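One structure is given below, encoded as structure tokens.
The values are calculated or read from the model by the stated rules, or taken from the named source; none is laboratory data. Just so you know, these numbers come straight off a predicted model, no measurement behind them. Every residue, glycine as well, gets a Cβ built from its backbone with ideal geometry; the counts of neighbours run over all protein chains shown. We work out accessible area using only protein heavy atoms, side chains counted, and drop any ligands, DNA or RNA first. Shrake-Rupley method; radii C 1.70, N 1.55, O 1.52, S 1.80 Å.
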Amino acid sequence: MNLMAKYKDPSLFRYIIKNMSDLSVQPLTFMEFCGTHTQAIFKHSIRKLLPKNIKMLSGPGCPVCVTDQKEIDHSIALSHLQGVIIATFGDFLKVPGSDGSNLQKARAQGADIRVVYSPLDAIQIAQKNKEKKVIFLGIGFETTAPIVAASILKAVKENISNYYVFSMHKLTPPATKAILNLGEIKLDGILGPGHVSTIIGSLAWEFLPSIYNMPFAISGFEAIDILKGLESLLKQCIDKKPQVINTYSRSVKPEGNTRAINTMFEVFYEDVAHWRGLGAIPNSGLSIKSSYREFDAKHQFDIEIPDSKVLYSYGCQCHEVIRGLIEPPECRYYKNICTPDNPLGACMVSSEGACSAYYLYSYE
Amino acid sequence: MCVAVPAKIVSISGEEAMVDFGGLFRTISLLFTPEAQVEDYVIVHAGYAISLLTEEEALETISLLDKLEQK
């Protein structure tokens, strides 16, 4: 049988929506943290179909969108080094550097940049190009970081000495805390990231109800999954009992995937990270431990990147979109100058960015 | 970026497995789910299985959904 078919059933979708509509409540605002949720929510028109008293906001869960400008500039600078091959996820190609360049333009100028599906592909490129230095651009949250860590361990095991990782990995619970600590937006519940939670476990989120009194529902990515998560948030609000509810138990365990967590912390340690829109957050990023320094592109390639002189100089409002302060259409450049084909800001680049999702699936 | 999709394991060779994403076949790593067996469903992200889909849980959710629908 197809296990997933039921999770896409439109009649069931309508039934849950009706159930939610029958629950009479005051206006509520929920935020989805995860960019993959953002994309799915727009794709399935969930915002439009939800009861009118429920408002959705997109959070800082698109890794490309929250990558700091300096790290983007650093990545582009690495691509211009002689004898280097850059391996990257495709999302990153069009992210604008502070001088208007990007990796795609660098490739047009002759840089060797390869789009890969997995860091394992980057390892293969390293094995086939022993005279070159292969740098994998490590972006992503806890879902991706263990895999990148595993690639470094594979390089150790197979004695591959021309493979490097530029780690820009970030951790989600500290960013969630940062959003709440900022206190700029009033949230009534958070839809929890299903695949980050698959790695870190549902227990990792207990601080949200206990410290912040914040309802939290971990959800999968099918239309029904997302609705079940939102329905759980709604019920928690009505009952005034914030909890961590795991509606994606077919993948998420309370303790997460301990093998993946152990692999991640074998190679990385928690370090301060700079987030677009949120600034520096302690222990919210992953840097490579000194015992694996020979694979650390930050140490192996001597590049000095100046701090961007004026952030947001061209008036890009991505930092406000990321914090949920404005909706994409409220940005002065949305859809006129900034489009997915010619993105001005990171939120329009990645298919998971709020601006891109809004642009592709908006309902006007 | 955290996109991960279910796939069915077709064969296993050491730490690697051939999986079926509904017609698309690819070799992935079972490093994080060594307990996975042929015919199991795994959730795959960037070439690695990050969780073993428990069919029991999936079926249980489906039966809950079925009950909902019948109401």
When the stretch A:100-119 is checked residue by residue, the ones that are open to solvent by 40 Å² or more (accessible area, probe 1.4 Å), in contact with a helix residue (DSSP H, G or I) (Cβ under 8 Å, 6 or more places away or on another chain) and aliphatic (A, V, I, L, M) are A:115
How many residues of the stretch B:30-44 are open to solvent by less than 10 Å² (accessible area, probe 1.4 Å) and within 8 Å of chain A (Cβ to nearest Cβ)? The answer is 3
Subset of the stretch A:149-187, residues open to solvent by 40 Å² or more (accessible area, probe 1.4 Å) and within 24 Å of residue A:277 (Cα to Cα), comes to A:177, A:181, A:182, A:183, A:184, A:186
Of the residues in the stretch A:171-186, those that are in a loop (DSSP other than H, G, I, E, B) and at pLDDT 95 or above number 1
(1) without any contact (Cβ under 8 Å) to a residue 12 or more places away in the chain; (2) assigned to a helix (DSSP H, G or I) all hold for residue A:249 apart from (2)
Flagged in the stretch A:201-212 as away from chain B (no Cβ under 14 Å) and open to solvent by 10 Å² or more (accessible area, probe 1.4 Å), in numbering order, are A:203, A:204, A:206, A:207, A:209, A:210, A:211, A:212
Taking the stretch A:269-294 and keeping residues in contact with a His (Cβ under 7 Å, 6 or more places away or on another chain) and not in a loop (DSSP other than H, G, I, E, B) leaves A:280, A:285, A:286, A:293
When every residue in the stretch A:213-241 that is among the β-branched types (Val, Ile, Thr) and in contact with a helix residue (DSSP H, G or I) (Cβ under 9 Å, 6 or more places away or on another chain) is compared, the one modelled with the lowest pLDDT is A:224
Only unsatisfied item for residue A:307, checking (1) in contact with a Leu (Cβ under 9 Å, 6 or more places away or on another chain); (2) open to solvent by 80 Å² or more (accessible area, probe 1.4 Å), is (1)
Picked from the stretch A:336-364 (must be touching a helix residue (DSSP H, G or I) at 6+ places or on another chain (Cβ under 6 Å) and open to solvent by 50 Å² or more (accessible area, probe 1.4 Å)), the residue farthest from the other protein chains (Cβ to nearest Cβ) is A:363
Requested in this report: Can you confirm whether the stretch A:120-132 contains a residue that is within 11 Å of another protein chain (Cβ to nearest Cβ), touching a residue at least 60 places away in the same chain (Cβ under 8 Å) and buried (at least 24 other Cβ atoms within 10 Å of the Cβ)?
Outcome: no
In the stretch B:19-29, anything crowded, with 16+ Cβ neighbours inside 10 Å and not small (Gly, Ala, Ser) is listed as B:19, B:28
In the stretch A:176-196, anything under 28 Å from residue A:296 (Cβ atoms) and assigned by TED's automatic domain parsing to the domain that holds residue A:55 is listed as A:193, A:195, A:196
Q: Determine, yes or no, whether residue A:57 is more than 24 Å from residue A:117 (Cα to Cα), away from chain B (no Cβ under 14 Å), modelled with pLDDT of 90 or more and under 18 Å from the mean Cα position of the chain (by Cα).
A: yes
All conditions in (1) under 13 Å from residue A:137 (Cβ atoms); (2) within 14 Å of chain B (Cβ to nearest Cβ); (3) at pLDDT 90 or above are true of residue A:71 except (2)
- Task: Within the stretch A:110-118, identify whether any single residue is more than 9 Å from chain B (Cβ to nearest Cβ), outside any helix (DSSP H, G or I) and among the aromatic types (Phe, Trp, Tyr), and answer yes or no.
- Result: no
Of (1) in contact with a His (Cβ under 7 Å, 6 or more places away or on another chain); (2) part of a helix (DSSP H, G or I), residue A:191 fails just (2)
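Each row is one residue, and each column tells you yes or no for (1) in a helix (DSSP H, G or I); (2) surrounded by fewer than 22 Cβ atoms within 10 Å (Cβ to Cβ); (3) more than 10 Å from chain B (Cβ to nearest Cβ).
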site	(1), (2), (3)
A:199	yes, no, no
A:220	no, no, no
A:231	yes, yes, yes
A:235	yes, yes, yes
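Would you confirm whether any residue within the stretch B:1-8 is open to solvent by 10 Å² or more (accessible area, probe 1.4 Å), among the small types (Gly, Ala, Ser) and within 12 Å of another protein chain (Cβ to nearest Cβ)? Spell out the reasoning first.
Residues of the stretch B:1-8 open to solvent by 10 Å² or more (accessible area, probe 1.4 Å): B:1, B:3-6, B:8.
Subset that is among the small types (Gly, Ala, Ser): B:4.
Keeping just the survivors that are within 12 Å of another protein chain (Cβ to nearest Cβ) gives B:4.
Yes, the stretch B:1-8 contains at least one residue that is open to solvent by 10 Å² or more (accessible area, probe 1.4 Å), among the small types (Gly, Ala, Ser) and within 12 Å of another protein chain (Cβ to nearest Cβ).
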